[in-house]
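**Student:** Pasting a structure below so you can have a look.
The values are calculated or read from the model by the stated rules, or taken from the named source; none is laboratory data. Keep in mind that what you see is a predicted model, and the values were worked out from it rather than measured. Here the Cβ positions follow ideal geometry from the backbone for every residue, glycine too, while neighbour counts run over all protein chains shown. Note: areas computed on protein heavy atoms with side chains; ligands, DNA, RNA excluded. Shrake-Rupley method; radii C 1.70, N 1.55, O 1.52, S 1.80 Å.
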Amino acid sequence: MALLEIKNLRTTFRTEDGEVTAVNGLSFGLEAGSTLGIVGESGSGKSVTALSIMRLLPRSAAVTADGVLFEEQDLLKKSEGEMRKIRGHRIAMIFQDPMTSLNPVLTVGEQISEAVQAHLGYNRHDARDKTVEMLKKVRIPAPEKRVHEYPHQFSGGMRQRVMIAMALSCDPTLLIADEPTTALDVTIQAQILELMNEMQAETGAAIIMITHDLGIVAEVCANVLVMYGGNLVEYGSAAQIFDNPKMPYTQGLLSSLPRLDISERKRLEPIPGQPPNLFRLPPGCAFAPRCKFRMPICSEPVPLFSFDAGHVARCMLYDERAKRATAGKTEA
């Protein structure tokens, strides 16, 4: 049984301009102890998916699904009180910007201790000892002293370490990391990723890594889910996605990356156009206006096509009509 199973998740927002669909029929599963990378351009629905799972969206949002099953329990059927017991304890989240996620008027020690006291029932003394232990684990120097300092006294990389310490302080079984290395230099980024790998090996937590950086995905993720316009457009193991991408959007993401494993000098190939306006999505494939392979049938609803060992992609190139048309051109 999967630790987390999402079935047909749909998240919409009410706005002054009407209703907009940010996540449209998303389904995936996550095994205990594994790492799933969710990738895509800004606005593809990555962070909204995470916030839908955590039920941290504003009142203007509406979340529906056939099931958001965590440890075989449907999170959408939980009361707010029940969700408060799950958040920060069984499911923890590292938010994108640690400076705005940490409370500037409380010391970092108070903020970590609060979670430990609320979820594990520790008294203040034991909670402080646990906080110092967690800061030491994330390699913050002099944790006995720094536990009394405020977020503005920490660098960006140190604040991100504090967020990791807070997220892991209650031994969650699922950790959601939303762009955990954004705005960090490459040295600190590597340290943060190494730290997360070590903590995962120690605690056995499953991780959802939300990022636009495919280099991070290649380094830490077992499976990859590619999103575009609120839809899953490709899913597979990291090896399948990097070695044999099926969806033109995934191919475009990979082609826009610099390569160090080939000697040939080659220009990077950016994806033309702009991400779609969610208020005015084209019929059928949302990527079609930017795709060099677009065909008339791309305006029809696009199903998921299956390949080997769980690798799926949402693209009409694999429809029998497209295959016949391609074969006819080849014979001509």
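**Student:** Taking the dipole about the Cα centre of segment 1-137, with the C-beta of Lys and Arg at +1 and of Asp and Glu at -1, give me whichever of Ser60, Phe70, Asn24 is farthest to the positive side.
**Tutor:** The residue sitting farthest along the positive end of the dipole is Phe70.
**Student:** Express as a percent, rounded to the nearest 5, the fraction of DSSP beta bridges in the chain (both residues included) that run antiparallel. Intermediate results must be reported in sequence, preceding the final value.
**Tutor:** On the way: 30 of 48 bridges.
Among the beta bridges of the chain, antiparallel pairing accounts for roughly 60 percent.
**Student:** Give me the angle, in degrees from 0 to 90, between the Cα long axis of helix 320-331 and the longest principal axis of the Cα atoms of the chain, rounded to the nearest 10.
**Tutor:** 50
**Student:** May I ask for the net charge around Pro270, where only other residues with Cβ less than 14 Å from the Cβ of Pro270 are counted and Lys, Arg are +1 while Asp, Glu are -1? List each step's numbers first, then the result.
**Tutor:** On the way: positive: Lys266, Arg267, Arg290, Lys292; negative: Glu41, Glu269.
Neighbour charge sum, excluding Pro270 itself: +2.
**Student:** Continuing with the same structure: Run the quick spin-label model on Gln274 and Glu19: label points 7 Å from Cα toward the beta carbon, then report their separation in nm to one decimal.
**Tutor:** Roughly 2.6 nm, to one decimal.
**Student:** Determine the share of the chain's accessible area contributed by carbon and sulfur atoms, expressed in whole percent, with a 1.4 angstrom probe. Can you show the working numbers first?
**Tutor:** Details: 8550 of 16650 Å².
Carbon and sulfur together cover 51 percent of it.
**Student:** Between Ser155 and Glu31, what FRET efficiency comes out of the Förster formula 1/(1 + (r/R0)^6) with R0 = 45 Å and r the beta carbon distance, rounded to 0.05? Present the calculation step by step, with values, prior to reporting the outcome.
**Tutor:** Numbers: r = 35 Å, r/R0 = 0.78.
So, using R0 = 45 Å, E works out to roughly 0.80.
**Student:** Quick check: the angle from helix 156-168's long axis to the longest principal axis of the chain, C-alpha only, nearest 10 degrees?
**Tutor:** Once rounded, the angle reads 80 degrees.
**Student:** Starting with the highest mean, order 306-315, 228-237 by the number of other Cβ atoms within 10 Å, averaged over the residues of each peptide. Write down the numbers at each step before the final one.
**Tutor:** Working: 306-315: 16.4, 228-237: 24.2.
Output ranking for 306-315, 228-237: 228-237, 306-315.
**Student:** Summing +1 for each Lys or Arg and -1 for each Asp or Glu, what net charge is found among the other residues whose Cβ lies under 15 Å from the Cβ of Gly33?
**Tutor:** Values: positive: Arg90; negative: Glu31, Glu71, Asp171, Glu198, Glu202.
Once positives and negatives cancel, what remains is -4.
**Student:** According to the square roots a ≥ b ≥ c of the eigenvalues of the Cα gyration tensor, what is the shape class of segment 175-214, taking rounded for a/c under 1.5, prolate for a/b larger than b/c otherwise, and oblate for the remainder?
**Tutor:** Working: a/c = 2.84, a/b = 1.40, b/c = 2.03.
It is oblate, given that a/c is not under 1.5 and a/b is not larger than b/c.
**Student:** What does the charge add up to near Ile241, with Lys and Arg as +1, Asp and Glu as -1, over the other residues with Cβ less than 13 Å from its Cβ? Each step should come with its number before you reach the end.
**Tutor:** On the way: positive: Lys246; negative: Glu234, Asp243, Asp308.
Neighbour charge sum, excluding Ile241 itself: -2.
**Student:** Hey, another quick one. For segment 67-164, what is the accessible area per residue in Å², given a 1.4 Å probe and the full set of protein chains? Walk me through the numbers before you get to the answer.
**Tutor:** Numbers: 4980 Å² over 98 residues.
Result: 51 Å² of accessible area for each residue.
**Student:** Still on this structure, I have one more. I need the peptides 37-48, 120-131, 74-85, 201-212 ranked by packing, meaning the mean over residues of other C-beta atoms within 10 angstrom, with the highest value on top. If you can, show how the numbers build up before the last one.
**Tutor:** On the way: 37-48: 21.8, 120-131: 15.4, 74-85: 12.8, 201-212: 18.6.
Final packing ranking: 37-48, 201-212, 120-131, 74-85.
**Student:** Assuming a ≥ b ≥ c are the square roots of the Cα gyration tensor eigenvalues, decide whether segment 206-329 counts as rounded (a/c under 1.5), prolate (otherwise, with a/b larger than b/c) or oblate.
**Tutor:** Numbers: a/c = 1.44, a/b = 1.36, b/c = 1.06.
Note, shape of segment 206-329 comes out rounded.
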